[in-house]
Structure formats: C-alpha cells, structure tokens
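In what follows, a structure is listed as structure tokens, so that the remarks can point back to it.
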Amino acid sequence: MKRVFWLLVLVFFPLLTFAEGIVVTVEGMVCTSCAETLEVAFSQVESVEKVSVDVDAKRMTIATKDDQQLADDKIREVVSRAG
C-alpha cells in the first residue's frame, strides 16, 4: 500500500507543482506545430523551467525557475517572435 501511495505522489506531484505556473491564452494557435514552436521558444528563455501548451484550449502554462517573475512584455515578445 505504501508503494502505491508513493507512486501516486511521484506521478502527480509534478503536475500539482506545475499547475501553479503562469497561464497565458494564445489566440490564433491552431495546430501542434504552433505548440511545439512555442515550447521551443520559451525553453530558450533563461528564467523558464517548463512550458506546456494546450492547442485545443489555446492556453500555455509556464513554470519559472525558483519562482522568478516573467514580465508580460517578455511573454508577448517571445510569442510574437515565435510567430
């Protein structure tokens, strides 16, 4: 029983932690290629730890390293540059 509990903790803990990131709506995103492009673009930003893009919801969640701030202008710049 303890093994099952710890397995569930290990599986769901990163999801719970990541859920507290910055959530951004990205209009105009229509395909998985768009999502991959955004993930690559944000992975190159120094303060970004992890990015998750949901094409259907047109939503991107960004987790920063050590809870660093990511300015709105920077987010817009990276999205715009990514296309």
So S43, is it without any contact (Cβ under 8 Å) to a residue 60 or more places away in the chain, open to solvent by 30 Å² or more (accessible area, probe 1.4 Å) and more than 15 Å from K74 (Cα to Cα)
no
Candidates V51, V23, V30 - the one that is surrounded by fewer than 17 Cβ atoms within 10 Å (Cβ to Cβ) and either modelled with pLDDT of 90 or more or touching a Ser or Thr at 6+ places or on another chain (Cβ under 6 Å) (or both):
V23
Residues satisfying the stated conditions in region 59-75, i.e. open to solvent by 60 Å² or more (accessible area, probe 1.4 Å), within 13 Å of the chain's Cα centre (by Cα) and within 25 Å of C31 (Cα to Cα)
R59
Name, by its number, the condition in (1) modelled with pLDDT of 85 or more; (2) part of a loop (DSSP other than H, G, I, E, B) that does not hold for V40.
(2)
For a quick check of your reading of the model, give me the residue pairs whose first member lies in region 58-83 and is farther than 11 Å from I22 by Cβ and part of a helix (DSSP H, G or I), whose second is modelled with pLDDT of 85 or more and of a type in the set (S, T, N, Q), with beta-carbon atoms closer than 6 Å and at least 6 apart or on different chains.
K65/S47; A82/T37
Looking at (1) surrounded by fewer than 15 Cβ atoms within 10 Å (Cβ to Cβ); (2) within 12 Å of the chain's Cα centre (by Cα); (3) in contact (Cβ under 8 Å) with a residue 12 or more places away in the chain, which is the only condition A35 fails?
(1)
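The values are calculated or read from the model by the stated rules, or taken from the named source; none is laboratory data. Keep in mind that what you see is a predicted model, and the values were worked out from it rather than measured. Methodologically, a virtual Cβ is constructed for each residue, glycine included, from the backbone with ideal geometry; neighbour enumeration extends over all protein chains shown. To get the accessible areas, we keep the full protein, side chains included, count just its heavy atoms, and leave off ligands, DNA and RNA. Shrake-Rupley method; radii C 1.70, N 1.55, O 1.52, S 1.80 Å.
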